[in-house]
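Right, one structure below, let's go through it.
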Amino acid sequence: LRAPNGCPVSARAAAFDPFEDAYLQDPPEYLRWAREQEPVFYNPTLGYWVVSRYDDIKAIFRDHGSFSPSNALEKITPPSEAAQQVLASYGYAMSRTLVNEDEPAHMARRRLLLEPFTPEALRHHEPLVRKLAREYVDRFIDDGRADLVDQMLWEVPLTIALHFLGVDEEDMPLLRKYSIAHTVNTWGRPDEHEQLRVADAVGNFWQLAGNILEKMRRDPSGTGWMKFGIRMQAEHPDVVTDSYLHSMMMAGIVAAHETTANATANAVRLLLQHPTAWRELCEDPSLIPNAVEECLRFSGSIIAWRRVALRDVDVAGVTLPAGSRVLMVMASGNHDGRHFAEADLLDIHRDNAGDHLSFGYGAHQCMGKNLARMELQIFLEELSRRLPHMTLAPQTFHYLSNTSFRGPEHLLVEWDPALNPERRDP
Ligand code: HEM
């Protein structure tokens, strides 16, 4: 086997399979050999070059002259003819948003749409995040057990996401189902039967996004990032296009909630698996912001992201030919001992925890990162204050098979309600 640059493909490179459970169970462990021995390798099954070290990933994110994000939302598994027909029957036309747009179009659009993400604008969302976190904990605090994913961590970020975007809450259960389908459609390896089911859900999602947009256009006043986008379109129709608004409505609903739900579930699991860190944080909540960064480093929710080489380009001494597709595994870079001392150790005091690559880097770095951070912090504040004695219930963690989005499908925790701090000290 040979890579497109003529070099031989090693057995391990050929065996790399991100749809295998071992990858999702522990991505940095799965790629340890690569970080150590073959930091850039070609995987013929995927048709992607896989990059695993911190510095190389960061350099690729930074270099938009050599690497384009245009493939970021492409279907990583080529769809069957039948699945394409299903998508076409819904008029599916997912195209450029921000995350997959090249310069200079990208930066012009990003600048116009930035205001709702400023710290002042985000402060308006804080009371709702707090209120929802409290209400959801109220519902199960006396039960002594909960599935935090099903009973809190999915719905609260989804509600916040819709609120942030300016979308009504009516279709929440449907949106959860559609978001999962979108993840499988874009980053998964569905078999032929699954492809049809997923295409049907994604087609419905596309139409729903269009309907939400049409309704919003009738009255785009008030708060919400998508409403702001519609108002910006009136002034700059060539920058904020119809295609952008429709694509962003769908991609935005996913970007704004699934990532945050998964990141919180990963963080709570990780902290409960490290009881010393959890106890410290319960006793001193001022440690929470840095703990959030360390959790995002150690176990982020977007573990890999894509680029395509615009010209022949060197990565860690390997020449990737123009047109090469690249999968950067940030979860691996985040455990690179060349950048993080004792990288496999969870250290909530780590001073460079915030250097992680879980929000990407450079021109496209996650616009929602501060909203996500605020949510993560508030969820940890509420849980550590009200349920400091919770522990993980015995369980096996399951993940949705895909290259990029990672979070446990369920997170079972338990505690003795008689020991709830608010019972002892109401
Ligand atoms: C882009 C991760 C939450 C909106 C990105 C990218 C990543 C990412 C990896 C691509 C960065 C790049 O190419 O350099 C995450 C994670 C989140 C999260 C891990 C939660 C823990 C959010 C939220 C929102 C959001 C809550 C919106 C409210 C966006 C947007 C972009 C983006 C609009 C595109 C930015 C651009 O291309 O200029 N995010 N995200 N994200 N994210 Fe997030």
Condition met for Tyr361 (modelled with pLDDT of 95 or more, surrounded by fewer than 19 Cβ atoms within 10 Å (Cβ to Cβ) and aromatic (Phe, Trp, Tyr)): no
Subset of segment 195-234 (residues that are polar (S, T, N, Q) and in contact (Cβ under 8 Å) with a residue 40 or more places away in the chain): Gln195, Asn204, Gln207, Thr223
Positions within segment 392-426 being under 30 Å from Val51 (Cα atoms), out of contact with any strand residue (DSSP E or B) (no Cβ under 8 Å at 6 or more places or on another chain), in contact (Cβ under 8 Å) with a residue 24 or more places away in the chain and of a type outside the set (D, E, K, R), in sequence order: Phe397, Tyr399, Leu400, Ser401, Asn402, Gly407, Pro408
Residue identified as open to solvent by 10 Å² or more (accessible area, probe 1.4 Å), within 19 Å of the chain's Cα centre (by Cα) and among the charged types (D, E, K, R) among Arg231, Arg189, Arg197, Arg217: Arg189
Residue in segment 302-321 that is among the acidic types (Asp, Glu) and within 16 Å of the ligand (Cβ to nearest atom) present: no
Output for segment 352-374, where each listed residue is of a type in the set (Gly, Ala, Ser) and more than 7 Å from the ligand (Cβ to nearest atom): Ala353, Gly354
Sole exception among (1) open to solvent by less than 20 Å² (accessible area, probe 1.4 Å); (2) more than 20 Å from Val156 (Cβ to Cβ); (3) of a type in the set (Gly, Ala, Ser); (4) not in a loop (DSSP other than H, G, I, E, B) for Ala372, by number: (2)
Total residues in segment 242-287, condition touching a Gly at 6+ places or on another chain (Cβ under 6 Å), within 10 Å of the ligand (Cβ to nearest atom) and either charged (D, E, K, R) or open to solvent by less than 10 Å² (accessible area, probe 1.4 Å) (or both): 1
Members of segment 86-115 that are within 17 Å of Asp242 (Cβ to Cβ) and open to solvent by 50 Å² or more (accessible area, probe 1.4 Å): Ala93, Arg96
Segment 6-27 residues that are open to solvent by less than 30 Å² (accessible area, probe 1.4 Å), paired with ones that are of a type in the set (A, V, I, L, M, F, W, C) (beta carbon under 7 Å, 6 or more apart): Val9/Leu1; Val9/Ala3; Ala13/Phe41; Phe16/Val50; Pro27/Ile303; Pro27/Val329; Pro27/Ala331
Residue in segment 375-419 that is surrounded by the most Cβ atoms within 10 Å (Cβ to Cβ), counting only those that are among the charged types (D, E, K, R) and within 16 Å of the ligand (Cβ to nearest atom): Glu375
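The values are calculated or read from the model by the stated rules, or taken from the named source; none is laboratory data. From a predicted model like this one, the values you see are computed outputs, not experimental measurements. Heads up, the Cβs are rebuilt from the backbone with ideal geometry, glycines too, and the neighbour counts pull from every protein chain shown. Surface areas here come from the heavy atoms of the whole protein model, side chains and all, with no ligands, DNA or RNA. Shrake-Rupley method; radii C 1.70, N 1.55, O 1.52, S 1.80 Å.
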